[in-house]
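Right, one structure below, let's go through it.
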Amino acid sequence: MSVELDVFVGNTTIMDEEVYQLWLDGYTVNDAVKVRMEGGVMDECEASKDVLLSDTMDQYRTFQMCERLLHSPAKLANQLLFQIPPHRQIMLIERYYAFDDTFVREVLGKKLSKGTKKDLDDISTKTSVTLKSCRRQFDNFKRVFKVVEELKGPLVENIRQHFLLSDKLARDYAAIVFFANNRFETGKRKLQYLSFQDFAFCAGQLISNWTVGAVDNMVEDMDVDLDKEFLQELKELKILITDKDLLDQHKSLVCTALRGKTKVFIEMEGSFKNLSRGLINIAAKLTNTKDVRDFFIDLVEKFIEPCRSDRWSAADMKLYLTHYTNSAHILDTFKHQVVWDRYMGVVKSCIFKMYHD
Amino acid sequence: MPGKLKAKIVAGRHLPVMDRASDLTDAFVEVKFGNTTFKTDVCPKSLNPQWNSEWFKFEVDDEDLQDEPLQITVLDHDTYSANDAIGKVYIDIDPLLYSEAASVISGWFPIYDTIHGIRGEINVIVKVELFNDLNRFRQSSCGVKFFCTTCIPQCYRATLVHGFVEELVVNEDPEYQWIDRIRTPRASNEARQRLISLMSGELQRKIGLKVLEMGGNAVVGYLQCFDLEGESGLVVRAIGTACTLDKLSSGSAPNTNTHMHPNTAPASNACNSPSKDGKEPVFVEDLPSSSGPPTPFRALPTSSSPPPFSPSKPCSRQSSSSDTDLSLTPKTEEPHSVRCRPGIFLCPSSPILSTDTLSLPGSGSVGCGRGSNPRATTSAPLSSIQSDSALLRKSVSFTEDLLLAASGMGSGGSAGKEAGPLRTLLRQQTQTALEQRGASSSGLLLNAREFPFFTLTSFPPGFLLHVGGVVSARSVKLLDRIHNPALGNTRSYKLLDWNSVTADEPETRDAWWEEIRQEIKSHARALGCHAVVGYSESTSICEEVCILSASGTAAILNPRYMREGCLDIGCTDHRFEEPSPPNCGFCHIPYDELNMPFPAQLTYCYHCRRQKVPDVLFTTIDLPSEAAVAGKGCLIQARLCRLKKKAQGEANATAISNLLPFMEYELHTQLMNKLKLRSMNALFGLHIQISVGENMLLGLASATGVYLTALPAPGGIQIAGKTPGDLSSEHISSIQKRINDTIAVNKELYQINPPKLFALDPEVFCGINMELAEEGVGSPIPEPRHRSRLFRSHSESSDELSELDLSHGKKDAFVLEIDDTDAVEDIHSLLIDAPPPTGFYSCNTENMPGISNWTSGVQMFTSVRVLRLSNANLTNQGLNKIFTDLCENLLKSFYFKLRSMIPCCLCHLNFTVAVPEEELIQVTVTAVAMTYDKEQTQEKTAEKPVNKGSLEAEEQLQFPLELCADSSSSNIQTASKISGVGESTNMSPRVSSLERCSPLQEGRSRSLRSSRSFGGSSVTVVKMTPLSFLPGTRIIKYLGIINMFFIRETTSLREEGGVSGFLHSFIAEVFAMVRAHVAALGGNAVVSYSMKECVFMENPNKNQAQCLINVSGDAVICISETDQESSASTANTGQTGGSETDGAT
C-alpha cells in the first residue's frame, strides 16, 4: 500500500515561508521533513510525519513550478497560473534572489562562466552551502549579469526594475555584477579577511564615483565599466610623489595637522612617504586592466598592511586619510583637485571599510 | 433568429518559443465559430505579439450562440511546413446572452494545449448583438439564467418556483480508450473537449427551453454531469430547479425578464417542441387528444382517475417486493409496460410497478431507498439479505412484517399499510391538482408535477414546512447492452427505438433516470411528503456496469411559493393549517404518527411541545437558517470498502446489486454511531456515494452533524457482549468507558449545551432486551458480514408513543453488541476518528452550524490522493481501515496546511471517491477554509439557543409576507414595485461601492508594487468558493455560469514530476483558466464552485498519463460588506446585519 499520487492545490497558492527557505537552501524533501520535525511544527496541529511529508512535497512542487516564473520576476505579477498575493510575490522574489554571503564571497570577481560553475561542488563543500543552492545562486548572478549587461542607465535601478528586488538586494547584485565584469581579485589569502559586505560597499563606492554613469547619468553607457577618461587622468596624480617639493610640502602639512592628535604620530610621520607612494601608484596604474583587478589586493598590501603593522587604530586611519586628502588642496602647485577628490573619496571610504581584522 | 457575434484579438503575451533558431514565434490567430473561420495577420518574431485585429463578425442563429463556444486557436506560422498549433481558448459566450449579465467578455485568457498545458495568454474582446426572438417555435432559450447555486441567488428574489427540469444528451465518445488507440491523443482529446463544450451548450439550451415553457426565467441549482460510458458513448445530463427570479436591486425597472421572455407556449407547442424530439412519439401516442390546446387538461381527469403516480395499495406493495427479488428473478416484461412514461402514460394500471421492473431483466437492478430513521434502516438490509435466492420465498413473507417497518425499502409497503386517511388525502390532492391545472397551461407542467423535486438545498424562510427524511434510490445497469440490439435481453429497449439507434440512446438513459426518480418519489410519498428537496443524481461507472444513484430529502413545502399544480399538495391536511414555529417546524414529522412508514420513536417537539418530532433527523439539505441548534456542527463520515469478485456482465451486476444494500446499511450504522458519539441528533447535507471498481465497492457517506434543540437528546451507546463470558466484562467496560469519555469530550468540543429547559438528562438504559432484539431482527437470516450490529431497544412501540407526553424521558439506548474480535475492531474504528485540532471545525454544508461571524479569510482548495493497494490478500476489514485512514489523513493534512488560518472552519468538504483501476483508490476533495472571529462565536453561542430563534423569526417575517402577496395576487409587477421602494434607497450606495470596489483591489496591489514600479498589468484577484456566498462581501451581480471541461495528457510523465507533478500543474491550470474567464466577464469571484469530475488515468510504463476535469460555478461580482455598511442597516434588520459587518471589519 502506497500513496501513488498526492496533491493539494489552493486557489490562493499556499506557501510556507519556512519550507520555501528549506527548498531554497537545497534540502531534499526528506531532510526538510527532518528539519521541520525538529523545529516542532508537528506539535502545532497534531500532525504526523506523513502529513509533514505530504505537505513538504506539495510545497516543493509548487516552488518548482514557480521557479520558471521567478527567473523573470516581472512575469510573476501578471502570470495567471498562480494566484499569489502581492506581498507574497515580493517575498518569493526577494528570497529567491537572496544569497549566502559565504558563497558569494567565493565567486566574487570570478567570471560567471561554465568553468566557474563546474567548480561549484568544491565551493559547496568549502562553504557547506548545498550544491543545489549554490547552483541557484550562481544562476541568479549569471541571469542578472546577462540582463543588465545589455542595458543602459544606472546599474542598481536596472536591477531593481527588472528583478523587482529591494534596494539593498539590488545594490548587492550591482556589486556582484560589477565585480564579475571587472574581474576584481578577491580570492587571495590576504583578502580573505574581507567579507562580501565589505566588497559590496566598495563596489557601491566605485559604481557611484568611478563609472561613466557616475558623472553624467544621461550618458548612453553603462555603470558596469570604469570611466576610462578618469583612469587616464589619474596618471596626473603622480606628481604628488615624483615632485620632491610637493611630497615634502604635503608631508609637513599632514604632520602639522596630526601632531598631538594621535598616539601613533611617530609611525605616521615615518611611513608617510611610503604610504603616499603606495596610494598614488595604485591610482597611476589603474589604466591597466590587470592592475584594476588587483585594486583591492594593492590597497591591502600597499596601505592597510603597513598601517596595521604599525598598530594604527581605525580612528587613526580615518584621521590620517582625512588630513592626507585635505592637505593636498592646500598645495599651490597641485592642480588636479577634482581628480584627486574623486580618487581619494573612494579610496578613503574603501580603506575605512576594509580596515578591520 | 440571428444574432451577431463580434470578436477582436488584441494581443498575446508570454508565448512559448516555437522557432528554436530565433528563439521567437511568428504567431497568428484563427477565430472560429460554427463553420466560419477568420484569421489574423501573422505577427512575426515576437513572444508578445500585438495583433490588434479588426472586429471579426459572425452572423449566427441564437441557437448556435447557445450551443457553440467561440474557438480561438493560436498558431505559429511556418512557411515550409504545416503551421504548429500553440494552443486554444474556448470561450463560452452564454453569459453574454442574458439581458442583465455581462455585456462584454474582455481579458487575458490562458492559451491551453492538451499536451503542454498553458502556453502564454491572449487578450480577446467578445461582444454579442442579439435580436430578440419572440417566435414561440424557437429552439433557443437565450435569456434563461443558470445558477449552480443551490439556494435563491443573493441579489434575486424568487417569485415562483416552478419545479424540476432535466435533460440529457448523448453522443459517441471521440476517444474512449486513449492508450490503446493509434492516433494522436491530442487530436482526439481536442475533439472531445470541443464535443463536450458543444453538448453542454445544447443541454443548457434545451433545459432553458423547458424553463421558458414552464414560464420561468431561471434555473437554480443547475447540476450538470458527464457520464463517460466508454464504448457506449458519452452522456451529458443536467438537472435543476426552474424558477422565476426577480432582481432585487432593479427597483426602478422591475420585471425586465418577464417582458423580454414571453413565457409559456401553449401546451400544443410544448408537445411539438423540438427539444423533446425523442419523446414526442410517446407523448403523442399516449395523448392523442393533445393536439388542440384545450384538450390535454380535459383528457387527464378521465384517463388518470387513479392518479398515475400515487402509490395505491396493491401496486406499491408489489413494487417493494420486486425490489428485493429483482436481480434474481429476471422477468420478461410485457413489452408495453416499458413504453410507459410515468406521469404521461395514462394507463390506469400500476405504472410505478413498471419503473421497477423496467430494468434490464438481465442486468440486475436493485433499488435501495432509505428513510431518515435509524430504526427503519436497521431492517432495510434484512430485506436485501433475502436476495439470496434460496431464501427468496421466506424473505418475501418476511418482508410483510419487516419491510413495512422499513423506511426506504418499505416505501411501497408502508404506503400500502396506510389505510384510509392517506388514501383520501391523495384523492383530494389529485382533485385539487386537476382543478388548479386549469389556470396554467403548459404541457410540461405534467413533468414538473410528475417529479416534485428541487435541487435546492436551502430555502427562503417559510418555504420548507416539514422534513421527512432522506430518500435514495440506486440501480445497477449494464451499459454495453444498448449497443447490441442482437442480444435477446435488450428487447425491451428496442421497443423504445422509434427512429434510429442514436435516438434510442437518450431515450434509454431517460428511462433509467425516470425509473429512479419514480422510486424516489414513491419513497417520499411513503414518508407522507409531496416533495423532494436537496435532490441530486450521480453515477459510478466501471467497465460496463453503471450504478445510478439519486437521493434527496422528502419534505413538505409551503404551497404558496410553488407554481400552482407543481406539487400534489393535500391542502386539507390539518397539519398544514397550524403554523409551526420556524425554528423547529421543519423537524415536525410530515407523516401520520398513527400510520408511520417505519417504527420511529417520536416525542413532542422539545422546542414548541406542540407536535411530534423524530429522535433523529437525516437530510440532504443545508441546515435551515432559522433552525435552533445547540453548539457547533461537525463533519461526520462513514467509510466502507467491500471486496467483490471480479466478474463480467450480468453476474457482475448481480453481485453489485447484492452488495449495495449491505453497504447502505453499514454506512448508515456507522453514521448513526458516529452521530451518537458526538452527542448530536441530526445530519444535514448527507451525501452517500457508492463507487464501483473491478474488485471492490467503495462507500463514502458525508454529512454535517448537529444538535437540534427541537429533537430529543441522543442517548449514549451501550456495549454488550453477545453472551456473558464471551469477552471479559472488564474489557467491555473499558470500551464502554472509552465511548462514554469520547462522548463527553465531544460534547465539550462542540459546545453542546442544550437549553436546560428541555434537556432531560439522557439516561442510557441498558440493552436488557437483547433477546427480544435478536428475535425481532430475525435470526434465520444469515448475517455473514454484520458482526457488530446496532439495535434499538424494543421496549417502546410506536403505538405507545402516540400517547407519550413530554414527561417521557426515555432515550435511545443503542446497544453495540460484541460477539467477536472483529466487532472490537469496529468499535475501535468508530473511535478512531480524530476530532479536528483546536481552532478547526469542519462541515460539508453551506453553513457551519454555530458559526456565523466569518471574517474575510477564504481559501478554496482541491486535493487528490490516490492510494495503491498492495496485492496482498486484503480483507474487508483491512480495506476499511486503509480507506478510513486515507480519509482521516487527508483531513489531517488539510488542518496542517491551513493552520495559519486558525480559527477557521473547513466548509463544504466534498469528498469524491473512485476506483480508477483495480488496486487504486482515488479520493478527491474540494472545500473552502474560512476564518471566523472566535470571540464573537462564544458570545453568540451562549445567547443563541435563547435569543436566536425569536430574533430570526422576526427577521424572516419580512420575506414570506412579501412573497405571499406575490403569489396570491400573481401580479408580480405590483409586488416588485412595493419591494422596489425599499430597495431604491439602497441603490446609490450599492452602485458607488461597486465602482469603488474593483479599482480598489487593483489599486492595492499596484501600490504595493509601486516601489518596484514594474509597468506590467496586475491580474484581478478572483476568489473561489464552493459556497453560495463569500464572507464579508455581498454579491451584486451574477455574470453567468462557468462550466468548463479540460483534458490534459502527457507522454513525458517522469519529466513533469511524476503523476503528482502532472496533476498538480493541471489543477492549477484549471483554476487559472476559471479565474481568467471570470475576470474577463468582469467578475471577481466564483461561488458555488465545484469540481464535478476528475478522472485520472496513468500508464507509468509508457510514461503517459491523462486527466479529465470538469468544473462549474457562478461568476459573480461581489463587493466588500464594509462598503455596504450604510445600506446594510436598511437592508438587514437588527443584529444579524450588525454582527456581520462587525465580522467583516
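The values are calculated or read from the model by the stated rules, or taken from the named source; none is laboratory data. Since the structure is predicted, the reported quantities are computational estimates derived from the model, not experimental observations. Cβ placement follows ideal geometry from the backbone for every residue including glycine, while neighbour counts extend to all protein chains displayed. Accessible surface is based on the protein model in full, side chains and every heavy atom, while ligands, DNA and RNA are left aside. Shrake-Rupley method; radii C 1.70, N 1.55, O 1.52, S 1.80 Å.
Modelled with pLDDT of 75 or more and over 22 Å from B:Thr150 (Cβ atoms): does that describe B:Leu198?
Yes.
Tell me, yes or no, whether the range A:264-275 has at least one residue that is crowded, with 19+ Cβ neighbours inside 10 Å, over 28 Å from A:Lys188 (Cα atoms) and free of Cβ contacts under 8 Å to residues at least 60 places away in the same chain.
yes
Could you say which residue among B:Arg899, B:Arg865 is touching a Leu at 6+ places or on another chain (Cβ under 7 Å) and at the interface with another protein chain (Cβ under 7 Å from one of its Cβ atoms)?
None of the other options fit; the residue is B:Arg865.
Please state which one of A:Phe163, A:Phe138 is open to solvent by less than 60 Å² (accessible area, probe 1.4 Å), free of Cβ contacts under 8 Å to residues at least 60 places away in the same chain and among the aromatic types (Phe, Trp, Tyr).
One residue alone meets the criteria, A:Phe138.
Being surrounded by fewer than 18 Cβ atoms within 10 Å (Cβ to Cβ), within 14 Å of chain B (Cβ to nearest Cβ) and not aliphatic (A, V, I, L, M) narrows it down to one residue among A:Glu157, A:Glu149; which is it?
None of the other options fit; the residue is A:Glu157.
Please go through the range A:27-50 and give me each residue that is hydrophobic (A, V, I, L, M, F, W, C) and more than 14 Å from chain B (Cβ to nearest Cβ), ordered by number.
A:Ala32, A:Val35
Need pairs with beta-carbon distance below 9 Å; first residue over 16 Å from B:Leu1108 (Cβ atoms) and free of Cβ contacts under 8 Å to residues at least 40 places away in the same chain and within the range B:186-206, second among the β-branched types (Val, Ile, Thr) and outside any helix (DSSP H, G or I); sequence gap 6+ or separate chains.
So the pair list comes out as B:Leu203/B:Val169; B:Leu203/B:Val236.
From the list A:Ser133, A:Ser128, exactly one residue is among the polar types (S, T, N, Q) and surrounded by 16 or more Cβ atoms within 10 Å (Cβ to Cβ). Which is it?
Answer to the check: A:Ser133.
Could you grab me the full set of residues in the range A:79-103 that are more than 8 Å from every other protein chain (Cβ to nearest Cβ) and in contact with a Cys (Cβ under 7 Å, 6 or more places away or on another chain)?
A:Leu92, A:Phe103
Of everything in the range A:248-263, what is hydrophobic (A, V, I, L, M, F, W, C) and surrounded by fewer than 19 Cβ atoms within 10 Å (Cβ to Cβ)? Give them in sequence order.
Hits for the range A:248-263 are A:Leu253, A:Cys255, A:Ala257.
Looking at the range B:869-896, I want the residues that are within 8 Å of chain A (Cβ to nearest Cβ) and have a partner that is of a type in the set (S, T, N, Q) and open to solvent by less than 20 Å² (accessible area, probe 1.4 Å) with Cβ atoms under 6 Å, at least 6 apart or on another chain. Which pairs are those?
B:Ser893/A:Ser54
Just the residues that are in contact with a helix residue (DSSP H, G or I) (Cβ under 9 Å, 6 or more places away or on another chain) and assigned to a loop (DSSP other than H, G, I, E, B), please, taken from the range B:853-874.
The answer is B:Asn853, B:Leu869, B:Ala872, B:Leu874.
Yes or no, residue by residue, for (1) surrounded by 15 or more Cβ atoms within 10 Å (Cβ to Cβ); (2) touching a residue at least 12 places away in the same chain (Cβ under 8 Å); (3) part of a loop (DSSP other than H, G, I, E, B); (4) at negative phi:
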position	(1), (2), (3), (4)
B:Ile9	yes, yes, no, yes
B:Pro16	yes, yes, yes, yes
B:Ala21	no, no, yes, yes
B:Glu30	yes, yes, no, yes
B:Thr37	no, no, no, yes
B:Asn52	no, yes, yes, no
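Does the range A:1-19 contain at least one residue that is more than 28 Å from B:Tyr112 (Cβ to Cβ), part of a strand (DSSP E or B), over 30 Å from the mean Cα position of the chain (by Cα) and within 12 Å of another protein chain (Cβ to nearest Cβ)?
Within the range A:1-19 (the criterion being more than 28 Å from B:Tyr112 (Cβ to Cβ), part of a strand (DSSP E or B), over 30 Å from the mean Cα position of the chain (by Cα) and within 12 Å of another protein chain (Cβ to nearest Cβ)), the answer is yes, since at least one residue qualifies.
Taking only the range A:51-78 into account, find how many residues are basic (Lys, Arg) and more than 8 Å from chain B (Cβ to nearest Cβ).
Within the range A:51-78, residues that are basic (Lys, Arg) and more than 8 Å from chain B (Cβ to nearest Cβ) number 1.
Residue-by-condition table, conditions (1) away from chain A (no Cβ under 13 Å); (2) within 17 Å of B:Leu1108 (Cα to Cα):
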{"residue": "B:Ile1035", "(1), (2)": "yes, no"}
{"residue": "B:Leu1039", "(1), (2)": "yes, no"}
{"residue": "B:Ile1042", "(1), (2)": "yes, yes"}
{"residue": "B:Thr1051", "(1), (2)": "yes, yes"}
{"residue": "B:Glu1055", "(1), (2)": "no, no"}
{"residue": "B:Ser1065", "(1), (2)": "no, yes"}
{"residue": "B:Phe1071", "(1), (2)": "no, yes"}
{"residue": "B:Ala1076", "(1), (2)": "no, no"}
{"residue": "B:Leu1081", "(1), (2)": "yes, no"}
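Give the residue, chosen from B:Pro1031, B:Pro1026, that is outside any helix (DSSP H, G or I) and either at pLDDT 90 or above or within 14 Å of another protein chain (Cβ to nearest Cβ) (or both).
B:Pro1026
So, of the residues in the range B:76-112 that are in contact (Cβ under 8 Å) with a residue 60 or more places away in the chain and among the charged types (D, E, K, R), which turns out to be nearest to A:Phe82 (Cα to Cα)?
Within the range B:76-112, the match that is nearest to A:Phe82 (Cα to Cα) is B:Lys88.
When residues of the range A:94-118 are filtered for being surrounded by fewer than 15 Cβ atoms within 10 Å (Cβ to Cβ) and within 11 Å of A:Phe138 (Cβ to Cβ), how many remain?
Going through the range A:94-118 one residue at a time, the tally reaches 3.
Scan the range A:24-40 for residues that are open to solvent by 10 Å² or more (accessible area, probe 1.4 Å), touching a helix residue (DSSP H, G or I) at 6+ places or on another chain (Cβ under 9 Å) and part of a helix (DSSP H, G or I) and jot them down.
A:Val29, A:Asn30, A:Asp31, A:Val35, A:Met37, listed by residue number.
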